[in-house]
Amino acid sequence: MMPGSYRGRRLGACTDCRNNWAAFRANEIDIEEIADINEELCPTIGTCGVMGTASTMACITAALGLMPLRGASAAAVSSTRLRVAEETGVNAVAAAKAKRKPQSVLSKESFLNAITVLQAIGGSTNAIVHLLAIVNRHPDIAGQITLKTFDEVGRKTPLVVDLKPSGENYMTDFHNAGGMLALLHTMRPLLHTSAMTITGQTLGQTLDAAAFRTFPFSQTVIRPLSDPLHPSSSLVVLHGNLAPSGAVMKASASKNRALLAHSGPAVVFANSADLALRIDDPDLQVTADSVLVLQGIGPIGNPGMPEAGLIPIPRKLATAGVTDMLRISDGRMSGTAGGSIVLHISPESAVPDSPFGIVRDGDVITVDVERRRLHLEIEEEELRARIEARKGRLSSEGGGEGGEASVWTDRVRRRGYRGLYERTVLQAHEGADFDFLTAAGPR
């Protein structure tokens, strides 16, 4: 989308939606103002006008070599879209004639390029799940790119694109600053230019054929490697006793960077319904130092791993001026959202032996981004005892109507598509794909 305008400042879906809604919840703006803002958030057709999931996946698809570069950033209402459509048609016919298929085009280097771009643009955490799913379907690459790879690439890749939610600008600014062509030229020292593209050329040949001349504005939106927005690790991968298989965090979108090294007592919500019922309760035992924990929204849990990880700040804290808190869930979050938020905890709480499933109110949780650590501050013996007790409840036939045990029994016995999904979907660190669609096949 093109950005809108409200009282002289630009607005765009959906980062500004979330920020202004938070301001409304904090009583900083009234119902009339939020209504006026709402009319400017989506002024044209198109996807969110910031570096959300749609824009992220477009940039990554271009980095993989599967689409025209300018197609990643051209506004939906621009005439450039018509030219991109024609170019796409030419590429499609040429690829069909040459029998070039994605499996033959994509290599390990292609995915490393995509991950480098993901880190450089401060892209959506959703991209991690999507890329892992694609990788694990590729018979020649499955297992070579893992969650660990994203962190390794991030440590040596600066954030150079200044777009919301990690920065201040909009996708139209990125496009006008040169878009993916300018970004790939900027990032060239960190890219594998031998990677093939759908056109039959390598990435290096594509860039050589389209030299990009830097001009001053592009240095503001697409920063040089020597002057990045952040030096490295826009997206980080955390491990610890709370997430043995990993969790992810968009550190660059934190509103309070002190929370990137924080310990606090947990306030636990069992699922999204529990959250909705209690988050604004004035009697909720919560402070600005608390860690908000939302369980039950992973691949199996909801089911479907919804974008519910942006847990709202409790209203009583928001009205007191709190704008960010450490929040943790096994679900996903929109790429347009910001805050100090840990996502994709694996294994998710719905899995019987998940450490995340046994967190209780008052348990102290530590996040240390520098050390890539996510830890529940209890003794190992206590952790194992809680897990075993929970597994016992889940395997018991006496779980009770609507209880945790009966819910798990339903998942095991459920018929139809939902039963197939819940029994065969993989965890987030493996791409949340069906196991029978991966290169390795069903387990």
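The values are calculated or read from the model by the stated rules, or taken from the named source; none is laboratory data. What you see is a predicted model, and the numbers here were worked out from it, not measured in a lab. Virtual Cβ from ideal backbone geometry, glycine too; neighbours counted across all protein chains shown.
Evaluate the following for LEU238: is it over 25 Å from VAL105 (Cα atoms) and either part of a loop (DSSP other than H, G, I, E, B) or modelled with pLDDT of 95 or more (or both)?
yes
Kindly indicate whether ALA114 is at pLDDT 95 or above and over 25 Å from LEU426 (Cα atoms). Reasoning before the result, please.
Numbers: at pLDDT 95 or above: yes; over 25 Å from LEU426 (Cα atoms): no.
No: the conditions fail for ALA114.
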*Residues of the range 2-53 being within 23 Å of SER79 (Cβ to Cβ) and in contact with a Cys (Cβ under 6 Å, 6 or more places away or on another chain), which ones?*
ALA13, CYS48
*the range 170-193, residues that are over 12 Å from ARG70 (Cα atoms), in a loop (DSSP other than H, G, I, E, B) and of a type in the set (A, V, I, L, M)*: LEU191
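Quick one: which helices (runs of 4 or more DSSP H) sit completely within the range 67-131 and have at least 1 residues that are charged (D, E, K, R)?
80-98, 108-121
Could you check how many residues of the range 271-297 are more than 12 Å from ARG327 (Cα to Cα) and in contact with an Asp or Glu (Cβ under 9 Å, 6 or more places away or on another chain)?
Step one: filter the range 271-297 for residues more than 12 Å from ARG327 (Cα to Cα), giving 271-287, 296-297.
Next cut, in contact with an Asp or Glu (Cβ under 9 Å, 6 or more places away or on another chain) only: 285, 296-297.
Of the residues in the range 271-297, 3 are more than 12 Å from ARG327 (Cα to Cα) and in contact with an Asp or Glu (Cβ under 9 Å, 6 or more places away or on another chain).
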*Residue list for the range 413-443, filter: hydrophobic (A, V, I, L, M, F, W, C) and assigned to a helix (DSSP H, G or I)*: LEU420, ALA428, PHE436, LEU437
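Only one residue in LEU106, LEU147, LEU131, LEU118 is within 15 Å of the chain's Cα centre (by Cα), touching a residue at least 40 places away in the same chain (Cβ under 8 Å), crowded, with 19+ Cβ neighbours inside 10 Å and farther than 19 Å from SER55 by Cβ, so which one is that?
On inspection, the qualifying residue turns out to be LEU147.
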*asked:* Filter the range 231-264 down to the residues that are within 19 Å of VAL153 (Cα to Cα), of a type outside the set (Ser, Thr, Tyr) and surrounded by fewer than 17 Cβ atoms within 10 Å (Cβ to Cβ) and list them by number.
replied: PRO231
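Quick check: anything in the range 279-301 under 20 Å from the mean Cα position of the chain (by Cα), part of a strand (DSSP E or B) and free of Cβ contacts under 8 Å to residues at least 40 places away in the same chain?
Keep residues of the range 279-301 that are under 20 Å from the mean Cα position of the chain (by Cα), which gives 291-301.
Narrowing further to those that are part of a strand (DSSP E or B): 291-294.
This time we only want the ones that are free of Cβ contacts under 8 Å to residues at least 40 places away in the same chain, so: 292, 294.
Checked against the condition, which is being under 20 Å from the mean Cα position of the chain (by Cα), part of a strand (DSSP E or B) and free of Cβ contacts under 8 Å to residues at least 40 places away in the same chain, the range 279-301 yields at least one hit.
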_Selection from the range 194-235 of residues that are under 30 Å from ILE328 (Cα atoms) and in a loop (DSSP other than H, G, I, E, B)_ = PRO228, LEU229, PRO231, SER232, SER233, SER234
_Can you list residue pairs whose Cβ atoms sit under 6 Å apart, with the first residue in the range 65-87 being of a type outside the set (Val, Ile, Thr) and the second being exposed (fewer than 14 other Cβ atoms within 10 Å of the Cβ)? Count only pairs 6 or more apart in sequence or on different chains._
ALA76/ILE45
*Positions within the range 217-230 being surrounded by fewer than 17 Cβ atoms within 10 Å (Cβ to Cβ) and β-branched (Val, Ile, Thr), in sequence order*: THR220
*asked:* Please determine whether any residue of the range 172-187 is surrounded by fewer than 18 Cβ atoms within 10 Å (Cβ to Cβ), of a type in the set (Val, Ile, Thr) and either within 26 Å of PHE150 (Cα to Cα) or at pLDDT 95 or above (or both).
replied: no
*Taking the range 26-47 on its own, how many of its residues are surrounded by 18 or more Cβ atoms within 10 Å (Cβ to Cβ) and either in contact with a Leu (Cβ under 8 Å, 6 or more places away or on another chain) or outside any loop (DSSP other than H, G, I, E, B) (or both)?*
3
*Could you tell me which of the residues ASN91, ASN27, ASN38 is among the polar types (S, T, N, Q), out of contact with any Lys or Arg (no Cβ under 9 Å at 6 or more places or on another chain) and more than 27 Å from GLY178 (Cβ to Cβ)?*
ASN38
